[in-house]
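Novice: After the structure tokens below, expect a handful of questions from me.
The values are calculated or read from the model by the stated rules, or taken from the named source; none is laboratory data. Here the structure is a predicted model, which means the values were calculated and not measured. All Cβ positions, even for glycine, are placed from backbone atoms using ideal geometry, and neighbour counts span all protein chains on display.
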Amino acid sequence: MKSPEVEQRQIVVIGAGPSGAIAAAILKRHGHDVLVLERQRFPRFSIGESLLSHCLDFVEEAGMLEAVQAAGFQTKHGAAFAWGERYTEFDFRDKFTEGQGSTYQVIRADFDKLLADQAELQGVEIRYEEEIFAADFAGDCPRLSVRRLADGHEYEVECAFVLDGSGYGRVLPRLLDLDTPSSFPIRQAVFTHIEDRIDPASGFDREKILITTHPKLRDVWFWTIPFSNGRCSLGVVSAAEHYEGYPKDLDACLKQFVAETPSLAKVLENAVWDTPARAIGGYSANVKSLHGPGFALLGNAAEFLDPVFSSGVTIAMRSASMAAGLLHRQLNGEQIDWENQFAIPLKRGVDTFRVYVQGWYDGSFQDVIFYEKASPEIRRMICSILAGYAWDEKNPYVAEPKRRLGVLAELCAMN
């Protein structure tokens, strides 16, 4: 049997989504040879449409900010929260941590293709519709087995290092048996895109994501993400058991949840439901290690918590920036300690998000969000986390998230 051809490259990035495109562009800007292998053809659908401000720091680092600013995406200044008659909002331009204020709400098919195209314009080679079906990290150099989906042609790529930005595809975690169960309960999201026809006089702010809590089930919440084209992304997230008793039909299920939530039903009263709803469940994931000899995992390929604070794309881009910077130094001859310089620092921010996600579902962080007597300075600190700056340890609510949130939640409960 004829041996497959072997191609020699310096760096292979798996996946052309946000983490892969950002990492590849940064490395190319440092002068490295980068090949991106992507199983799908872009544009392709994805959720995670409400970017946090911190994302734009990495878009700028990758030389893509001007293109994103010119693309016509919906400007986003912050997040609004509604629960029954209660309503509060956080403006990302008024936060504790320095950095980007405004950001964007994006149709991910367009946004992801824009980033990938920008990486190509900078000289990154991207091969679409090619899948990696085997990986060998036992030798001196990583070796990946690749199949071209169009014609089934197979070949191998040998390289110095692999960055896995494959997202929910989780290529290396699957091939190298790195997956481990998440500690998060199993939840499901049911979502769609609608022509929203929201009345401008309704008070709805298109420059903020709206997070709405179900009036009776505090662990059930909705996202409403307006786009610049008069449409919005709408979804409900719930523990699996709450779906019992609701229609099996996804459209009817989502509509019933909305109907039970008067404030949201009012906002969407004129909406045209023109796109079949979809569902994604059991999305929380974790791995045994974020790195190994010859590879590192980025974004959702490593760990995904929950969509509630739109942290997924931020974690993906942060990990891409960190890994690309370290890999550049390693390829220039430095000794890199991937555990202490990549995994541990990245996990600090992920664990900060984790505390607030857990606090959201047990109600303690919701109590903080809706607390009317909070000091402006504390609100700015919380706002920084909501804007994605979960690695700023000058912020007391990042440095000691569990203790600080506990104290704050207790204060809110007493008043």
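Novice: Quick one: is LYS95 assigned to a loop (DSSP other than H, G, I, E, B), outside the structural domain of GLN366 (by TED's automatic domain parsing) and modelled with pLDDT of 95 or more? Show your work before the answer.
Specialist: Working: assigned to a loop (DSSP other than H, G, I, E, B): yes; outside the structural domain of GLN366 (by TED's automatic domain parsing): yes; modelled with pLDDT of 95 or more: yes.
In short, yes.
Novice: Could you say whether any residue in segment 265-282 is touching a helix residue (DSSP H, G or I) at 6+ places or on another chain (Cβ under 7 Å), in a loop (DSSP other than H, G, I, E, B) and among the aromatic types (Phe, Trp, Tyr)?
Specialist: yes
Novice: Let me ask you something else. Would you check which residues across segment 96-119 are of a type outside the set (Gly, Ala, Ser) and closer than 22 Å to LEU210 by Cα and list them?
Specialist: Here is the first cut: in segment 96-119, the residues of a type outside the set (Gly, Ala, Ser) are 96-98, 100, 103-108, 110-115, 117-118.
Once the filter is applied, which keeps residues that are of a type outside the set (Gly, Ala, Ser) and closer than 22 Å to LEU210 by Cα, segment 96-119 yields PHE96, GLN100, THR103, TYR104, GLN105, VAL106, ILE107, ARG108, ASP110, PHE111.
Novice: Now for a separate question. So which residues in segment 354-376 are of a type in the set (A, V, I, L, M, F, W, C) and under 21 Å from the mean Cα position of the chain (by Cα), if there are any at all?
Specialist: Applying the first criterion (of a type in the set (A, V, I, L, M, F, W, C)) to segment 354-376 yields 355, 357, 360, 365, 368-370, 374.
VAL355, VAL357, TRP360, PHE365 - these are the residues of segment 354-376 that are of a type in the set (A, V, I, L, M, F, W, C) and under 21 Å from the mean Cα position of the chain (by Cα).
Novice: Is at least one residue of segment 30-46 within 27 Å of GLU377 (Cβ to Cβ), in a strand (DSSP E or B), out of contact with any Ser or Thr (no Cβ under 6 Å at 6 or more places or on another chain) and in contact (Cβ under 8 Å) with a residue 40 or more places away in the chain? Reasoning before the result, please.
Specialist: Applying the first criterion (within 27 Å of GLU377 (Cβ to Cβ)) to segment 30-46 yields none.
So far as segment 30-46 goes, no, none of its residues is within 27 Å of GLU377 (Cβ to Cβ), in a strand (DSSP E or B), out of contact with any Ser or Thr (no Cβ under 6 Å at 6 or more places or on another chain) and in contact (Cβ under 8 Å) with a residue 40 or more places away in the chain.
Novice: OK, next. LEU254: of a type in the set (A, V, I, L, M), touching a strand residue (DSSP E or B) at 6+ places or on another chain (Cβ under 7 Å), closer than 14 Å to ALA279 by Cβ and in a helix (DSSP H, G or I), yes or no? Walk me through how you get there before you give the answer.
Specialist: Numbers: of a type in the set (A, V, I, L, M): yes; touching a strand residue (DSSP E or B) at 6+ places or on another chain (Cβ under 7 Å): yes; closer than 14 Å to ALA279 by Cβ: yes; in a helix (DSSP H, G or I): yes.
Yes; evaluated as a whole, the condition is true for this residue.
Novice: Would you mind telling me which numbered condition in (1) within 25 Å of the chain's Cα centre (by Cα); (2) surrounded by 14 or more Cβ atoms within 10 Å (Cβ to Cβ); (3) outside the structural domain of GLY169 (by TED's automatic domain parsing) GLY294 fails?
Specialist: (3)
Novice: In this structure, is LEU327 farther than 21 Å from PHE111 by Cβ, in contact with a helix residue (DSSP H, G or I) (Cβ under 6 Å, 6 or more places away or on another chain) and not aromatic (Phe, Trp, Tyr)? Outline the logic, then answer.
Specialist: Details: farther than 21 Å from PHE111 by Cβ: yes; in contact with a helix residue (DSSP H, G or I) (Cβ under 6 Å, 6 or more places away or on another chain): no; not aromatic (Phe, Trp, Tyr): yes.
No.
Novice: Restricting attention to segment 77-128, which residues are farther than 30 Å from LYS216 by Cα and basic (Lys, Arg)? Let's see the steps before the verdict.
Specialist: Quick first cut of segment 77-128, residues farther than 30 Å from LYS216 by Cα only: 93-104, 106-128.
Correct list: ARG93, LYS95, ARG108, LYS113, ARG127.
Novice: Restricted to segment 147-203, and to residues that are at pLDDT below 95 and among the acidic types (Asp, Glu), which residue is surrounded by the most Cβ atoms within 10 Å (Cβ to Cβ)?
Specialist: Across segment 147-203, the extreme among qualifying residues is ASP179.
Novice: Consider segment 208-251. How many of its residues are more than 18 Å from GLU195 (Cα to Cα) and in a loop (DSSP other than H, G, I, E, B)? Lay out the reasoning, then the answer.
Specialist: In the first step, residues of segment 208-251 are kept if they are more than 18 Å from GLU195 (Cα to Cα); the result is 211-221, 237-249.
Subset that is in a loop (DSSP other than H, G, I, E, B): 214-220, 244-249.
Going through segment 208-251 one residue at a time, the tally reaches 13.
Novice: I'd like to verify a number: residues in segment 237-282 that are free of Cβ contacts under 8 Å to residues at least 60 places away in the same chain and at positive phi, how many?
Specialist: Summing the residues that are free of Cβ contacts under 8 Å to residues at least 60 places away in the same chain and at positive phi in segment 237-282 gives 1.
Novice: Take the conditions more than 30 Å from GLU393 (Cβ to Cβ) and in contact with a Ser or Thr (Cβ under 7 Å, 6 or more places away or on another chain) and apply them to ARG108. Does it pass? Explain how you work it out, then say what you get.
Specialist: Numbers: more than 30 Å from GLU393 (Cβ to Cβ): yes; in contact with a Ser or Thr (Cβ under 7 Å, 6 or more places away or on another chain): yes.
Yes: the conditions hold for ARG108.
Novice: Residues in segment 357-415 that are of a type in the set (Gly, Ala, Ser) and in contact (Cβ under 8 Å) with a residue 60 or more places away in the chain: how many? Even if it seems obvious, please write down each step before you answer.
Specialist: From segment 357-415, those of a type in the set (Gly, Ala, Ser) are 359, 363-364, 374-375, 384, 387-388, 390, 399, 406, 409, 413; that's our starting set.
Now restrict to residues that are in contact (Cβ under 8 Å) with a residue 60 or more places away in the chain: 363, 384, 387-388, 390.
Total meeting the criteria: 5.
Novice: I need a count of the residues in segment 56-76 that are within 17 Å of TRP223 (Cα to Cα) and in contact with a helix residue (DSSP H, G or I) (Cβ under 9 Å, 6 or more places away or on another chain). I'd like the intermediate steps shown before the answer.
Specialist: Residues of segment 56-76 that are within 17 Å of TRP223 (Cα to Cα), as a first pass: 74-76.
So of that shortlist, the ones also in contact with a helix residue (DSSP H, G or I) (Cβ under 9 Å, 6 or more places away or on another chain) come out as 76.
Looking only at that region, the number is 1.
Novice: I would also like to ask the following. Within segment 296-311, can one find any residue that is touching a Gly at 6+ places or on another chain (Cβ under 6 Å), in contact (Cβ under 8 Å) with a residue 24 or more places away in the chain and assigned to a loop (DSSP other than H, G, I, E, B)?
Specialist: Among the residues of segment 296-311, at least one is touching a Gly at 6+ places or on another chain (Cβ under 6 Å), in contact (Cβ under 8 Å) with a residue 24 or more places away in the chain and assigned to a loop (DSSP other than H, G, I, E, B), which makes the answer yes.
Novice: With respect to the numbered conditions (1) over 24 Å from GLU85 (Cα atoms); (2) modelled with pLDDT under 90; (3) not basic (Lys, Arg), which one is the sole condition not fulfilled by THR275?
Specialist: (2)
Novice: If you go through segment 2-38 one residue at a time, how many are of a type in the set (Asp, Glu), farther than 19 Å from LEU331 by Cβ and more than 23 Å from the chain's Cα centre (by Cα)? Write out each step before concluding.
Specialist: Within segment 2-38, the subset of a type in the set (Asp, Glu) is 5, 7, 33, 38.
Checking which are farther than 19 Å from LEU331 by Cβ leaves us with 5, 38.
Narrowing further to those that are more than 23 Å from the chain's Cα centre (by Cα): 5.
Total meeting the criteria: 1.
Novice: Of all the helices (runs of 4 or more DSSP H) wholly in segment 338-410, which have at least 1 residues that are closer than 20 Å to SER321 by Cα and assigned by TED's automatic domain parsing to the domain that holds SER319? Quick ask: steps written out before the conclusion?
Specialist: On the way: elements: 344-362, 364-369, 376-386, 396-399.
Hits in segment 338-410: 344-362.
Novice: What about LEU408, is it at pLDDT 95 or above and crowded, with 17+ Cβ neighbours inside 10 Å?
Specialist: Working: at pLDDT 95 or above: no; crowded, with 17+ Cβ neighbours inside 10 Å: yes.
Taking the combined requirement at face value, the residue does not satisfy it.
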